[in-house]
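Only one structure is covered here, and it is reproduced in the block below.
What follows draws every value from the coordinates through simple rules; no lab data is involved. Computed from a predicted structure; not experimentally measured. Every residue, glycine among them, receives a Cβ derived from its backbone with ideal geometry; neighbour counts consider all protein chains shown.
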Amino acid sequence: MPSVLQVGLPGGPELFVVLFLAAVVAVPVVFASLIIYLDAVDRNSDHALAWTVAALFGGVVVWTLYVVVRDEVGGNGLTVNGRL
């Protein structure tokens with residue numbers, strides 16, 4: 001009969017590493033998308049949700065594009081709705 005150490009758990013440490021790396025990638029992407037959404041809403045953009053979805057799936061390319069064109073997306077950002 002094999003011991004517990006020989007049998008192991010399904011996935012084991014490999015599954016932990018994969019889930020950890022997925023979280024390391026997913027958390028900054030969701031955070032950046034949230035920042036873009038809040039900025040677009042503060043600028044009264046009609047396309048805040050579209051920018052958010054694009055930032056979620058487009059990554060660094062869309063983030064850079066948003067920073068470049070965000071003055072044309074809405075207002076100038078001086079009419080902030082009480083958010084810091």
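Numbers below:
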| read-out | value |
| --- | --- |
| Burial ordering of ASP39, ASP71, fewest other beta-carbon atoms within 10 Å first | ASP71, ASP39 |
| Difference of contour (0.36 nm per residue) and Cα-Cα distance, ALA22 to PHE57 | 11.1 nm |
| Residue-span extension gain [VAL29 to ASN44] - 0.36 nm each, minus C-alpha spacing | 3.1 nm |
